[in-house]
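> Got a structure here, written out as structure tokens. Questions coming.
The values are calculated or read from the model by the stated rules, or taken from the named source; none is laboratory data. Keep in mind the model is a prediction, meaning the values are calculated, not measured. Reconstructed Cβ throughout: ideal geometry from the backbone, glycine too, with neighbour counts over all protein chains shown.
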Amino acid sequence: MRVVVQRGGRRGRRAGLAGVLWGAAELAVTVGVVVLLLVVHLVWWTNRQALAGAHEEVRELERRWTAPADPDPDPEPEAEAGAGAGAGVGPDADAGAGAGVGASAEPLPSGAAPGSASRTPPPAKESAYGVLRIPRLGVVVPVAQGVDKRTVLDKGYAGHYPGTAQPGAQGNFALAGHRNTHGEPFRYINRLRAGDELIVDVRGRRYTYVVGRTLAETSERDAGVIAPVPRSTVRPEYGYDEPGAYITLTTCTPEYTSRYRLVVWGTLKK
């Protein structure tokens, strides 16, 4: 009697292994595509959305500023002097959420003393109330109160640190902005040089600051750079010694990280 030997076992095992490898390859490709789409969303789409929204906000502000004011038939009584002033910078100040993928505009921590009284009344929290123009970089960006990521910075705005001076006032008008993603308004502030202008418009008023000094890298905890008289507490050779009307721009460095802070300072043009 002839015995027929079946040799399909090894072939079946090979077919099973090939199927597993094929499935793993498909999974790897799928994961790669998902990651790629996520990167595209973070790096490109959020930029596009935030930039478009920020430009529209600038146009809306300018429309409101040029529109004739409606008479108020029943004006509210004047508030007491100093009411509604910006909150002092402290542990409870709005400092934004933790950095995520591509986040690059984490504000500096609290700790700077409040600036002097402002020439303009403090705006509502997280509302755009001014426009920052950086002619050298071609940047035009809304300025909003607060430095919360979700409600201010991720919209492509420059965020005004609570407790720092208002535009044009004695003290330090300090701003934070994204360097990468979400409109990235401060991406190229490292290119600013002494003498470049930083222009701030607030409802019919224009304040022109002149760039004076740059701190290429400092700790994320260096609150001295947004003090009324700005001076780095980490690198004290950088900063100012005398009271004045200052502007400070802060963003993250190196690009696509939030490890350190890049700082640009300017003084009000007289």
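> For the range 45-63, check the following and say yes or no: at least one residue is under 30 Å from residue 202 (Cα atoms), over 21 Å from the mean Cα position of the chain (by Cα), in a helix (DSSP H, G or I) and at pLDDT 85 or above.
yes
> Consider the range 214-270. How many of its residues are under 20 Å from residue 162 (Cα atoms) and among the hydroxyl-bearing types (Ser, Thr, Tyr)?
So the count comes out to 8.
> For the range 197-220, which residues satisfy the criterion of being surrounded by 15 or more Cβ atoms within 10 Å (Cβ to Cβ) and aliphatic (A, V, I, L, M)?
198, 199, 200, 202, 210, 211, 215
> Using the structure shown, decide if residue 171 is more than 21 Å from residue 241 (Cβ to Cβ), modelled with pLDDT of 95 or more and surrounded by 24 or more Cβ atoms within 10 Å (Cβ to Cβ).
No; evaluated as a whole, the condition is false for this residue.
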